[in-house]
1. Could you list, in sequence order, all residues of segment 176-188 that are free of Cβ contacts under 8 Å to residues at least 60 places away in the same chain and within 16 Å of the ligand (Cβ to nearest atom)?
2. In segment 354-372, how many residues are within 14 Å of Val29 (Cβ to Cβ) and either without any contact (Cβ under 8 Å) to a residue 60 or more places away in the chain or crowded, with 19+ Cβ neighbours inside 10 Å (or both)?
3. From the list Ala85, Ala96, which residue is part of a loop (DSSP other than H, G, I, E, B) and either over 30 Å from Tyr327 (Cα atoms) or aliphatic (A, V, I, L, M) (or both)?
4. Which residue pairs have Cβ atoms closer than 7 Å, lie 6 or more positions apart in sequence or on different chains, and pair a first residue in segment 141-169 that is without any contact (Cβ under 8 Å) to a residue 60 or more places away in the chain with a second residue that is in a helix (DSSP H, G or I) and small (Gly, Ala, Ser)?
5. So which strands (runs of 3 or more DSSP E) stay within segment 227-332 end to end and still have 1 or more residues that are among the aromatic types (Phe, Trp, Tyr) and within 20 Å of the chain's Cα centre (by Cα)?
6. Taking strands (runs of 3 or more DSSP E) that fall entirely within segment 131-210, which contain at least 3 residues that are more than 16 Å from the chain's Cα centre (by Cα) and either of a type in the set (A, V, I, L, M) or on the phi < 0 side of the Ramachandran plot (or both)?
7. Could you list, in sequence order, the residues of segment 249-299 that are basic (Lys, Arg) and either more than 20 Å from Ala140 (Cα to Cα) or crowded, with 18+ Cβ neighbours inside 10 Å (or both)?
8. Would you point out which residue out of Leu114, Leu173, Leu150, Leu126 is within 16 Å of the ligand (Cβ to nearest atom) and over 26 Å from Val248 (Cα atoms)?
Amino acid sequence: VITPPLAHAASQIRPSVFAELQSRIDAHVRAGGRLIPLHIGDTVRPPPDAARLSVAAAGDDPALYRYGPTAGLSALREAVAARVASELGDGETVDAEQEVLIGAGATHALACLLRCILEPGDEVVLPTPFWPLTPGVIEAAGGRVVEVPLHPVESLPERIAAARTARTKVVYLISPNNPDGTVIPSTVVARVHRDLVERRAWLVADEVYFDYIYGERATRMAAHPGARDHTITVGSLSKSHALAGARVGWAVAPAPLITAARRMSVHTLFNVPLVAQRAALAALREGDGWIAAALEDYRSARAIALEGLAPLARHGVEWRVPDGGSYVFLELGPLLRRAGHEASSARPLLESMIDAGVLLSPGDASGSRHATAARLCFTAVELADLREGIARIAATVERAVR
Ligand SMILES: Cc1ncc(COP(=O)(O)O)c(C=O)c1O
């Protein structure tokens with residue numbers, strides 16, 4: 001078909017990271033094989049009962065079927081504000097009226113915020129490896145991604161400073177990180193803040209995995225002195241309360257930015273579906289015990305994943321123990337070299353894993369330096385499947401080096 005032309009922007013949006021692996025996946029499924037999905041970033045846990053019950057009870061309420069407040073339910077904004085204020089430290093307050101954005105997932109909140117900050121071609125410094133959707137969200141808002149290595153994390157502030165140009169508008173930090181679980185130390189964040197104040201740039205503090213840290217609790221990036229003037233704290237009910245399908249996320253940021261981002265949200269969405277906001281509200285009000293239980297489940301799943309992966313170290317597979325979040329990021333480069341594979345991409349090995357019935361997410365979606373890596377999510381399947389999936393990975397690796 002010959003259609004009228006599309007905008008340049010349409011060609012800038014990245015295709016799904018699975019587009020290239022899809023034919024292999026289809027073939028495996030057609031042949032009757034079962035695939036263990038360790039590639040998606042989700043959880044097998046059902047959300048808190050309160051959230052599910054609020055959805056079940058909501059059906060006959062006519063208000064749900066009308067337009068809702070464009071800024072989000074005030075009770076939901078208040079619940080977010082109260083939670084973030086308590087995490088920012090004693091005496092801190094967050095104004096639910098002016099400083100909280102409710103989005104259809106953090107993805108939509110970020111899209112609205114970045115559209116209000118970036119002029120076409122403005123730069124966003126983004127440490128790698130990153131959440132696979134991040135560059136697309138930035139580019140769809142007109143920005144240009146400038147990748148810098150996240151590790152070694154102690155010298156991250158120097159690399160960020162070196163990447164700075166007159167067009168740098170945002171530094172985007174994910175902590176705990178998707179895909180490698182790094183929690184950026186507070187001393188490092190403090191140095192990034194100092195640089196940002198100097199250059200008058202924003203910090204996106206993507207803390208969607210904040211509740212899932214396996215060691216000592218971290219402090220919010222916005223909790224540093226003077227940080228709130230330039231920091232956008234981002235959270236997601238997808239991650240905090242297993243409500244990914246409800247699509248509710250939030251951001252806390254200075255009032256002028258929130259006002260502008262709400263306007264962007266009105267004109268792209270109008271209001272976040274009310275039933276989803278009610279579920280989110282119930283989860284925030286009653287879900288603290290649920291989070292504590294989820295943290296312990298995820299800790300066990302992480303231990304099982306690390307135990308299953310341990311034998312792969314002798315074949316050259318490398319990873320860092322995740323401080324938080326749901327993933328282990330596997331560096332397969334040394335293994336590929338040993339196995340005599342072309343050492344520039346993990347794709348052929350990921351295809352062999354698909355043939356063996358297990359899916360990992362390709363590392364190149366997390367940055368141009370990570371083509372020989374792959375991401376494993378340890379919260380997306382039941383523990384028996386996690387064990388089986390890792391056994392299939394191990395068998396594929398053994399075959400590759402034989
Ligand atoms: C680091 C990070 N930020 C933001 C999001 C977006 O979350 P959602 O749009 O589901 O709220 C995700 C989802 O995977 C993520 O991993």
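1. Residues of segment 176-188 free of Cβ contacts under 8 Å to residues at least 60 places away in the same chain: 184-188.
The answer is Ile184, and nothing else.
2. So the first thing to find is which residues in segment 354-372 are within 14 Å of Val29 (Cβ to Cβ), and the list is 354-359.
Remaining after also requiring either without any contact (Cβ under 8 Å) to a residue 60 or more places away in the chain or crowded, with 19+ Cβ neighbours inside 10 Å (or both): 354, 356, 358-359.
Selection size over segment 354-372: 4.
3. Numbers: Ala85 fails: part of a loop (DSSP other than H, G, I, E, B).
Just a single option satisfies the conditions, and that option is Ala96.
4. Between residues of segment 141-169 that are without any contact (Cβ under 8 Å) to a residue 60 or more places away in the chain and residues that are in a helix (DSSP H, G or I) and small (Gly, Ala, Ser), the close pairs are Ala141/Ala111; Val146/Ala163; Val148/Ala163.
5. Values: elements: 231-236, 249-252, 327-331.
Output list reads 249-252, 327-331.
6. Values: elements: 144-149, 168-174, 202-206.
Because the criterion is at least 3 residues that are more than 16 Å from the chain's Cα centre (by Cα) and either of a type in the set (A, V, I, L, M) or on the phi < 0 side of the Ramachandran plot (or both), the strands (runs of 3 or more DSSP E) in segment 131-210 that meet it are 144-149, 168-174.
7. Filtering segment 249-299 down to residues basic (Lys, Arg) leaves 262-263, 278, 285, 299.
Selection gives Arg262, Arg278, Arg285, Arg299.
8. On the way: Leu114 fails: over 26 Å from Val248 (Cα atoms); Leu173 fails: over 26 Å from Val248 (Cα atoms); Leu126 fails: over 26 Å from Val248 (Cα atoms).
Result of the check over Leu114, Leu173, Leu150, Leu126: Leu150.
The values are calculated or read from the model by the stated rules, or taken from the named source; none is laboratory data. Fair warning: this is a prediction, and the values are worked out from it, not measured in the lab. Because the Cβ atoms are built from the backbone with ideal geometry, glycine has one as well, and the counts that use them run over all protein chains shown.
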